[in-house]
Amino acid sequence: MSFHPEMAYDATFHKSARQLEEEGPAFGYTAENRARFEEIVKRYPPERRRSAVLPALYLAQHQQGYITANAIRHVAELLGITRADVEDVVSYYTMFYTKPVGRFVVNVCRTLSCAINGAERVTEAICTKLAVRPGETDASGTFTVLEVECLGACDRAPVVMVNDAWHENLQPEAAAKLIDDLRARGEAALSGCHHVVERRKDERTGD
Amino acid sequence: MDPVLIAHVREPNSFTLDFYLAHGGYEALKTALTKKPDEIIEMVKASGLRGRGGAGFPTGMKWQFVDKKSEPRYIVCNADESEPGTFKDHLLMERNPHLLVEGCAIGCYGIGAKIAYIYIRGEFYHVQSVLERAIDEAYAKGFLGRNILGSGFDCDVYVHRGAGAYEAGEETALLESLEGKRAQPRNKPPFPAVAGLYGKPSAVNNVETLCNVPVILSKGVEWYTSVGPEKNGGPKLYCVSGHVRNPGVFEASMSVTLRELVDGYAGGVRPGRTLKAVIPGGSSVPILLPDQLDIQASFDAIQKAGSLLGSAAIVVLDDTTCMVWLAQNLLHFYRHESCGKCTPCREGTDWLHKILQRIERGDGQLRDLDLLTGISNNIAGKTLCAFGDAAVTPVLTTLKHFRHEYEAHIRERRCTLPADWRARQPVGAH
Ligand SMILES: Cc1cc2nc3c(=O)[nH]c(=O)nc-3n(C[C@H](O)[C@H](O)[C@H](O)COP(=O)(O)O)c2cc1C
Ligand code: SF4
Ligand code: FES
């Protein structure tokens, strides 16, 4: 049905859409993550443990790669809230993955300042290299390419975030090379990619 | 005006405590602790500091409204920085994090809070680690924690990581998110000053706002009000991006003109290009045309010119830009970021985006332009938070100033710019 005579009502992604997570394997924090969790919970008033749901989900996601129904159950139990409470949060925030993703999640900014500075060509270079479309994971299961909205570094467009590491002023050719480097050297290829501010001016080539 | 907030950001180790202390760091906190909390609020009020997060509401007044009868109280720092074109808080936290920590501590002292939560967007993980290190250093030196500098004042600062939601920047949605729920706004009133985090009195302040507080204490109210036009005082950070030669964050007083920012600080458009339009305050404010740029980049002057300073995110567009595409790009953003709580915004942004897409690819009809206006008018002013008004602005402002581009798309059934206009943009060549 539609609320508007001119507009079709379709089922494209929306934050308000209800999604059911995969059951997944049995889940419990590792001892290390459990200790980390107990540290984090202390930041909030004792009767407000629920506040720790985002950090708790990050821990689960780091441990398992993505969020499953079992991970949700574990987090809900530790926080003393319902599974639905946690599910609600997982389905709302875009940085939680409810399907397996590659070891490297390549997030290309697609918003205005990046788009008018060549972001589309960066996406294209990466997607061609990996033979995927935005939103997909490559055949080897190593890379997931996502288009994301403004990352808050528009002066250094185009901006690409790989997992938690940033690459800025990224030329399409350099983006393709980054994929090769990640394949060859793994996480090591991510270190030091965020421009050191002291150097930023010099690295600009002018026109 | 000499830079104050970002004077040293390009120097090595500007983010360390030693560097900060060598440049007069935490002196403002010491001064603050010799005063009564009310005096701090009075100073901030007298300084005229206006919130740097978007709305420009006077910070001193906001702090005064915080209900002093109820406890505990909280400072919540809004470090969600997600408005397209905005990247000033990013720089502040990454290169001058102790300024924010000091601002949080003084803010807590002023309103009688013992905890400040800094809500940082999830994507800023590299910034968060810098900020957390700064907080650890501050604890180690006794600038945070119990009995700070022997004053009897206790203050904790915690960083809370968001997880990808623009709407979490709206202050009440931020509070919901911090409480472990979806980032969807609350009804106002009650305002956060009365019932904020956990229903307790809270002040939600932007990063740059809190960074101005130590400056007021160390440089004095008189200096502060002497910088920039009346009611628009103090140092301001401007984010200039888009089609300029030298994009970046620039600090100036609000007496600076938009033209000085675009042509001077940011080096103007690239050679051979002409300026087409400027968005002065982030994606959600009306466009200004090249002949409107000789105005002060202050809250009041830009409002008088028919737009808003917002988050001081100046996006510069040259003659290669298709304005229909621009509206489409921004509505993609708003459609994706709508929190879904109100129907006009949730459904309407999707409709607007679909219509813009079809016009842009050449499948539009003239009556679509009325449809765009009609839908926009049914969103603006009819939603729970300001997102609704923000989302329709790119549509209404491009229709107002560039209707001919829409009509040309419809008439010629294609984009009238060279098909590869975006593909030909130089990449990162700045
Ligand atoms: C949709 C929406 C998004 C917002 N995003 C941000 C943001 O990312 N950062 C921010 O500081 N303020 C943002 N704001 C403004 C806040 O609601 C609030 O006004 C601000 O944090 C108050 O701080 P200030 O008085 O120091 O400016 C946003 C407002 C709306 C309506
Ligand atoms: S206007 Fe949009 S973003 Fe704001 S509460 Fe309503 S649906 Fe959410
Ligand atoms: S538009 Fe890409 S970082 Fe802002």
* Return the total of residues in the stretch B:44-61 being modelled with pLDDT of 95 or more and touching a Phe, Trp or Tyr at 6+ places or on another chain (Cβ under 9 Å). => 8
* To do: Enumerate the helices (runs of 4 or more DSSP H) found wholly within the stretch B:321-416, keeping only those where 3 or more residues are facing chain A (nearest Cβ under 10 Å).
  => B:323-337, B:343-360, B:367-379
* Considering B:VAL215, B:VAL249, B:VAL221, which residue is in contact (Cβ under 8 Å) with a residue 12 or more places away in the chain, assigned by TED's automatic domain parsing to the domain that holds B:PRO290 and not charged (D, E, K, R)? -> B:VAL249
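Among the listed residues B:GLU123, B:GLU137, identify the single one that is open to solvent by less than 60 Å² (accessible area, probe 1.4 Å), more than 13 Å from chain A (Cβ to nearest Cβ) and of a type outside the set (Lys, Arg).
Details: B:GLU123 fails: more than 13 Å from chain A (Cβ to nearest Cβ).
Every option except B:GLU137 fails the conditions.
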* Among the numbered conditions (1) within 16 Å of ligand 2 (Cβ to nearest atom); (2) within 20 Å of A:ARG156 (Cα to Cα), tell me where B:LYS88 comes up short. => (1)
* Structure fact -> B:LEU92 fails exactly one of (1) at the interface with another protein chain (Cβ under 9 Å from one of its Cβ atoms); (2) within 16 Å of ligand 1 (Cβ to nearest atom); (3) within 18 Å of the chain's Cα centre (by Cα), namely (1)
* To do: Can you give me the number of residues within the stretch B:145-176 that are free of Cβ contacts under 8 Å to residues at least 60 places away in the same chain and either away from every other protein chain (no Cβ under 11 Å) or under 20 Å from B:GLY85 (Cβ atoms) (or both)?
  => 8
* Asked: Taking helices (runs of 4 or more DSSP H) that do not extend beyond the stretch B:17-70, which have at least 2 residues that are away from ligand 1 (no atom under 16 Å from the Cβ)?
  -> B:17-22, B:27-34, B:37-47
* Given B:THR225, B:THR209, B:THR172, which one is away from ligand 1 (no atom under 14 Å from the Cβ) and either open to solvent by 10 Å² or more (accessible area, probe 1.4 Å) or part of a helix (DSSP H, G or I) (or both)? -> B:THR225
* Looking at this structure, is B:TYR109 more than 16 Å from ligand 2 (Cβ to nearest atom), aromatic (Phe, Trp, Tyr) and within 15 Å of the chain's Cα centre (by Cα)? -> no
* Structure fact -> Flagged in the stretch A:91-140 as within 16 Å of ligand 2 (Cβ to nearest atom) and open to solvent by 10 Å² or more (accessible area, probe 1.4 Å), in numbering order, are A:SER91, A:THR94
* Tally the residues that are within 14 Å of another protein chain (Cβ to nearest Cβ) and either touching a Ser or Thr at 6+ places or on another chain (Cβ under 8 Å) or within 29 Å of B:LEU49 (Cα to Cα) (or both), restricting the search to the stretch B:281-320. => 15
* Asked: How many residues, within the stretch B:343-370, are open to solvent by 30 Å² or more (accessible area, probe 1.4 Å) and either more than 16 Å from ligand 1 (Cβ to nearest atom) or of a type in the set (A, V, I, L, M, F, W, C) (or both)?
  -> 11
* Just name the residue that is modelled with the lowest pLDDT out of those in the stretch B:175-191 that are open to solvent by 10 Å² or more (accessible area, probe 1.4 Å) and either under 22 Å from B:LEU131 (Cβ atoms) or charged (D, E, K, R) (or both). => B:LYS188
* Structure fact -> By residue number, the members of the stretch B:55-74 that are within 14 Å of another protein chain (Cβ to nearest Cβ) and under 22 Å from the mean Cα position of the chain (by Cα) are B:TYR74
* Enumeration of residues in the stretch A:75-108 that are hydroxyl-bearing (Ser, Thr, Tyr) and in contact (Cβ under 8 Å) with a residue 24 or more places away in the chain -> A:SER91, A:TYR92, A:TYR93, A:THR94, A:TYR97, A:THR98
* Asked: Are any residues in the stretch B:382-397 touching a residue at least 60 places away in the same chain (Cβ under 8 Å) and either in contact with a Phe, Trp or Tyr (Cβ under 7 Å, 6 or more places away or on another chain) or near ligand 2 (Cβ under 10 Å from one of its atoms) (or both), and if so, which ones?
  -> B:LEU384, B:CYS385, B:ALA386, B:PHE387, B:ASP389, B:ALA390, B:ALA391
* Quick one: in the stretch B:143-166, of everything that is in a helix (DSSP H, G or I) and in contact with a Gly (Cβ under 9 Å, 6 or more places away or on another chain), which residue is least open to solvent (accessible area, probe 1.4 Å)? => B:ILE148
* Could you count how many residues in the stretch B:385-407 are open to solvent by 20 Å² or more (accessible area, probe 1.4 Å), within 16 Å of ligand 1 (Cβ to nearest atom) and touching a Leu at 6+ places or on another chain (Cβ under 7 Å)? -> 0
* Which residue, of B:VAL269, B:VAL244, B:VAL278, is under 23 Å from the mean Cα position of the chain (by Cα), assigned to a loop (DSSP other than H, G, I, E, B), of a type in the set (A, V, I, L, M) and within 14 Å of another protein chain (Cβ to nearest Cβ)? -> B:VAL244
* Those residues of the stretch B:25-49 which are in contact with a strand residue (DSSP E or B) (Cβ under 9 Å, 6 or more places away or on another chain) and open to solvent by 40 Å² or more (accessible area, probe 1.4 Å), in sequence order -> B:LYS45
* Asked: Here are some residues: B:SER307, B:SER283, B:SER298. Which one is open to solvent by less than 10 Å² (accessible area, probe 1.4 Å) and within 16 Å of ligand 2 (Cβ to nearest atom)?
  -> B:SER283
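The values are calculated or read from the model by the stated rules, or taken from the named source; none is laboratory data. Just so it is clear, the model here is predicted, and its values are computed rather than measured. Positions of Cβ are backbone-derived with ideal geometry, glycine not excepted, and every protein chain shown enters the neighbour counts. The protein model used for the area step is the full one, side chains on, heavy atoms only, and it has no ligands, DNA or RNA in it. Shrake-Rupley method; radii C 1.70, N 1.55, O 1.52, S 1.80 Å.
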